[in-house]
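In what follows, a structure is listed as structure tokens, so that the remarks can point back to it.
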Amino acid sequence: MKTLLRFTMLFILLSLICGCAAPGGRPLESRTPPPDSMTRVFLRYKELPGEKVFVVAVDRDGRWAYGYDYNRASAEEAALSASSKCDAMRKKRNIFTRAKLFAINNTVVYYNQFK
């Protein structure tokens, strides 16, 4: 009986950590659609040259922060810089949602992650 109870408790703990037991059957990590006001910023980003990355953090209230970097030697280098820029804006605007990759070069990947 103790073994069954331990196994059950372990299963519940792992389910909570992995998001399998989130309310409504949805994963804990969700993609809140960016607000329409981000379109202007993203269109400006798309015109930039070279390897580039755009990251965004959107909370459930619709507040958002972003960061992008461009004209780098690699997408990885641009991603590091874009993430730190987004983190600085998140801190300034008190947005606690983690930054997520939105686009690499001109390809939007935000909605394709963690499906």
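Values for this structure:
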item	result
The one condition in (1) in contact (Cβ under 8 Å) with a residue 60 or more places away in the chain; (2) within 15 Å of the chain's Cα centre (by Cα); (3) exposed (fewer than 14 other Cβ atoms within 10 Å of the Cβ) that ASN106 fails to fulfil	(2)
Residue in the stretch 27-39 that is modelled with pLDDT under 90 and among the hydrophobic types (A, V, I, L, M, F, W, C) present	yes
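The values are calculated or read from the model by the stated rules, or taken from the named source; none is laboratory data. Please read all numbers here as calculations on a predicted model, not as lab measurements. Glycine also receives a Cβ, built like all others from the backbone with ideal geometry; neighbour counts cover every protein chain displayed.
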